[in-house]
Amino acid sequence: MNIVKIFSCAIATCLVAVNPAFSQESFSARSFGTAECSEIVEKASNNADVFTALSIYASGFITGKNVSVKEHDVFPILNPIGQLGLFVVLVCSSNADKNVAQILAAVVDRTEIYHTSNKRDKSLTITSGETTIIVYEEYLLKAQSFLRSKGYKVRADGLFGDRTQKAFKAYKAKNNVQGDAVPDAHFYLSMISH
């Protein structure tokens, strides 16, 4: 597992080293933590390579937090890694004066009740519309409980059936939350904001 994370960081460094867009932008994966959110949102929204490197940086940050807080995972969406990058961009959009490391640290602290706690927690692949994500079953249970608390007729059973999909779709429509009817980064941000 550690080798995979080291390899991911090496890939980010390689992306930065060989991609002319990074050189012109003077970005490196290691510099994301101190970069102001206003700058990151602009660059990551317009450059897929910057977005990918941001996602990899955030993944490394989350891995470090996982080790330090001894949680299984402090971010409940396993794949694609772009969901984490999207989440950072969404949060940074509302916090332009902060840097990425501050945003990630604050989110990890604020979302403690959504961290997964069981090292053997089962993961689920969820597809709706154009989106396929992999989440922890424990996160889906918490998302279903959240929807239930908001009046949606869904059972908190950790299964992604028609009723759950309809509840995500209705919640997103009612609250102007983007994305398909899945518990993606858009939904997660909305949930932790309530």
I need the phi-derived Karplus couplings for the stretch 148-154: 6.51 cos²θ - 1.76 cosθ + 1.60, θ = phi - 60°, integer Hz, Gly and Pro marked x. 4, 5, 8, x, 7, 8, 9
Testing the spin-label approximation: label points 7 Å from Cα along Cα→Cβ at E36 and S145. State their distance in nm. 4.0
So which lysines pass the test for K122, namely a Cα distance under 28 Å, with those fewer than 8 places away in the same chain ruled out? K5, K65, K70, K142, K150, K153, K166, K169, K172
Taking a straight Cα-to-Cα line shorter than 23 Å from K43, and setting aside same-chain lysines fewer than 8 residues away, one finds K98
Working from the alpha-carbon coordinates of the stretch 58-189, get Rg over Rh, Rh being the Kirkwood radius. 0.95
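Between K153 and H72, what FRET efficiency follows from the Cβ-Cβ distance if R0 is 45 Å, with the result rounded to 0.05?
The calculated FRET efficiency here is 0.90.
Just so you know, all these numbers are worked out from the coordinates, no wet-lab data involved. Treat the numbers as computed from the prediction; the structure is a model and nothing was measured. Reconstructed Cβ throughout: ideal geometry from the backbone, glycine too, with neighbour counts over all protein chains shown.
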